[in-house]
Amino acid sequence: MTRQTVLNATHRALGAKMVDFGGWDMPLNYGSQIEEHHAVRRDAGMFDVSHMTVVDLTGANVRPLLRKLLANSVDKLKTPGKALYSCMLNADGGVIDDLIVYYLAEDFFRVVVNAATRDKDLAWIAAQAQPFGVAVRERADLAMIAVQGPNARAKVFGLLSPEARAGAEKLGKFVACEGDGLFIARTGYTGEDGFEIMVPETQAVALWNRLKDAGVAPAGLGARDTLRLEAGMNLYGQDMDETVTPYEAGLAWTVALDEGRDFIGRPALEREKAQGSKRAMVGLVMDEKGVLRHGQKVLTARGEGEILSGTFSPTLGKAIAFARIPAGDPGAVRVDIRGREVPVRIVKYPFVRDGRPCEGI
Amino acid sequence: MSEIPGDLKFLKSHEWARVESDGTVTVGISDHAQSLLGDLVYVELPGVGDRVQAGNACAVVESVKAASDVYAPVSGEVVAINEALNDKPETINEDAYGEGWIFVVKMENKDELGELLDPDAYAELIEGEDH
């Protein structure tokens, strides 16, 4: 049974091409994926991300639970509204999911996890929460619209009451506030500035239409994927899963080995750190024509690797990818495209930030 | 969906073929196929002089979303390729039945044309796919 967000009929009325994504019937594009991509890089676009799973955690012991549950340190969150990106690991250090956690009050944190991993995430969180006496409540009543692009914030400000606007204007990056019944977070998955707005389902269609009237372009999952890959952001299930540790997924920066914090997966990560990782995630750029795709073989001096996420980058006009390859000096790297060995460059990602190619890309 | 020109024949795999006045056959992909693929970003063309076999893959069209083989509707030698697609693959999105042609084959066996679908049969096929 395919699930639908509250905006489903709105997408269809806009002529969206719909696809199944993690069990949800979602818009792939509304015509041209590339135009939607450019709209976000150059002006403002919006995505229905209501399929994502919002979970509220409440109780006196929420912080101790999150100290155990997350590889990043929830103790970095000291001011209400502040958000943190983290992986949730199994005992082997494998990634169960990546998520964003918001600190709202000492007894109230909000977590946003992926749609495709909803069931196993909820089961895992509930099992860990039980001994801490923390209540786990999925917020299926909330829809979510991501408004992204250099002009995204200004267009949202124009729709808010003076009080809500004042709050939203003050938000630093990776911080959220509430206003006009909305939960407004200055976060995103595109490498552009903007907001992710949680809105009660009953008001989501009206908010979408007001944003559209304000000149925000509807954008589908296709553009969302090319934007996030250009921005150097991982996609769960493609770039990492339970067989991969954060160190092998380019996510060492999200692991906090802070003193005395006994999080799930920590012993495995400490072993890996001591011994050195066997695999590394790298960014690739292909200067020749063609497109890098998930599953293509990567040939290095240290052995074979594999393309994880690969696509044509609309901003750069060439193919980019994440690949996981054997650790060590890879030498000259090639990708096997239909039997042809095409040279590629290893680069430091992100590939694109704030509308422009990064240095060395 | 744009009108399907009446002088075209189709493969079930969405290639079109048009017999030109000099007996050569121009090949492209259908408007339906380009709409399924989305924005095209790369076309791998066959080489002039290559021999292609009806039903075999001889070119690749790639959109942001996916790579898709292009099958030869008829057998013969490739006598022309649309090199403009190297720089502007999106021409196929804009004009699949015209400027978006991919290659031209000097046909070896006219009987192979009889195996292809006429526009009505093709329209029926894609109608069926949509439901």
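The values are calculated or read from the model by the stated rules, or taken from the named source; none is laboratory data. Please read these numbers as outputs of a predicted model, since none were measured by experiment. As a convention, Cβ positions derive from the backbone with ideal geometry for all residues, glycine included, and neighbour counts pool all protein chains shown. For the accessible areas, the whole protein counts, side chains as well, though only heavy atoms, and no ligand, DNA or RNA atoms are used. Shrake-Rupley method; radii C 1.70, N 1.55, O 1.52, S 1.80 Å.
Return the residue satisfying two criteria in turn: it lies in the range B:65-77 and is open to solvent by 10 Å² or more (accessible area, probe 1.4 Å) and in contact with a helix residue (DSSP H, G or I) (Cβ under 8 Å, 6 or more places away or on another chain), and of such residues it is nearest to residue B:32 (Cα to Cα). Walk me through how you get there before you give the answer.
Step one: of the range B:65-77, the residues open to solvent by 10 Å² or more (accessible area, probe 1.4 Å) are B:65-69, B:71, B:77.
Checking which are in contact with a helix residue (DSSP H, G or I) (Cβ under 8 Å, 6 or more places away or on another chain) leaves us with B:65-66, B:68.
Values: B:65: 15, B:66: 15, B:68: 14 Å.
Result: B:68.
Can you find even one residue in the range A:240-247 that is open to solvent by 40 Å² or more (accessible area, probe 1.4 Å) and either within 23 Å of residue A:162 (Cβ to Cβ) or touching a strand residue (DSSP E or B) at 6+ places or on another chain (Cβ under 7 Å) (or both)?
Yes - at least one qualifying residue is present in the range A:240-247.
I need a count of the residues in the range A:103-120 that are touching a residue at least 60 places away in the same chain (Cβ under 8 Å) and either part of a loop (DSSP other than H, G, I, E, B) or small (Gly, Ala, Ser) (or both).
Selection size over the range A:103-120: 4.
What single numbered condition from (1) more than 20 Å from residue A:348 (Cα to Cα); (2) more than 14 Å from every other protein chain (Cβ to nearest Cβ); (3) part of a loop (DSSP other than H, G, I, E, B) fails to hold for residue A:277?
(1)
Based on this model, can you work out whether residue A:325 counts as in contact (Cβ under 8 Å) with a residue 40 or more places away in the chain, within 12 Å of chain B (Cβ to nearest Cβ) and within 25 Å of the chain's Cα centre (by Cα)? Working first, answer last.
Working: in contact (Cβ under 8 Å) with a residue 40 or more places away in the chain: yes; within 12 Å of chain B (Cβ to nearest Cβ): no; within 25 Å of the chain's Cα centre (by Cα): yes.
Taking the combined requirement at face value, the residue does not satisfy it.
Sort out which residues of the range A:139-177 are among the charged types (D, E, K, R) and open to solvent by 60 Å² or more (accessible area, probe 1.4 Å), and write them in order of number. Show your work before the answer.
The first filter runs over the range A:139-177 and keeps only residues among the charged types (D, E, K, R), leaving A:139, A:141, A:153, A:155, A:163, A:165, A:169-170, A:173.
Residues satisfying the conditions are A:141, A:163, A:165, A:169, A:170, A:173.
Would you mind listing the strands (runs of 3 or more DSSP E) fully within the range A:3-67 where at least 1 residues are free of Cβ contacts under 8 Å to residues at least 60 places away in the same chain, within 14 Å of another protein chain (Cβ to nearest Cβ) and surrounded by fewer than 23 Cβ atoms within 10 Å (Cβ to Cβ)?
Once the strands (runs of 3 or more DSSP E) in the range A:3-67 are filtered for at least 1 residues that are free of Cβ contacts under 8 Å to residues at least 60 places away in the same chain, within 14 Å of another protein chain (Cβ to nearest Cβ) and surrounded by fewer than 23 Cβ atoms within 10 Å (Cβ to Cβ), what remains is A:17-21.
Regarding residue A:315, is this residue of a type in the set (S, T, N, Q), at pLDDT 95 or above and part of a strand (DSSP E or B)?
Values: of a type in the set (S, T, N, Q): yes; at pLDDT 95 or above: yes; part of a strand (DSSP E or B): no.
Considered against the rule, which asks whether it is of a type in the set (S, T, N, Q), at pLDDT 95 or above and part of a strand (DSSP E or B), residue A:315 comes out as no.
Looking only at the range B:1-47, filter to residues that are out of contact with any strand residue (DSSP E or B) (no Cβ under 9 Å at 6 or more places or on another chain) and within 14 Å of chain A (Cβ to nearest Cβ); which one of those is nearest to residue B:87 (Cα to Cα)?
Checking each candidate, the answer is B:32.
Looking at the range A:288-312 only, could you name the residues that are over 18 Å from residue A:227 (Cβ atoms), more than 9 Å from chain B (Cβ to nearest Cβ), open to solvent by 40 Å² or more (accessible area, probe 1.4 Å) and in a loop (DSSP other than H, G, I, E, B)?
As a first pass, look at the range A:288-312 and keep what is over 18 Å from residue A:227 (Cβ atoms): A:288-290, A:295-307.
Subset that is more than 9 Å from chain B (Cβ to nearest Cβ): A:288, A:295-307.
Add one more test, that the residue is open to solvent by 40 Å² or more (accessible area, probe 1.4 Å), and what stays is A:288, A:295, A:297, A:301-302, A:304, A:306.
Scanning the range A:288-312 gives A:288, A:295, A:301, A:302.
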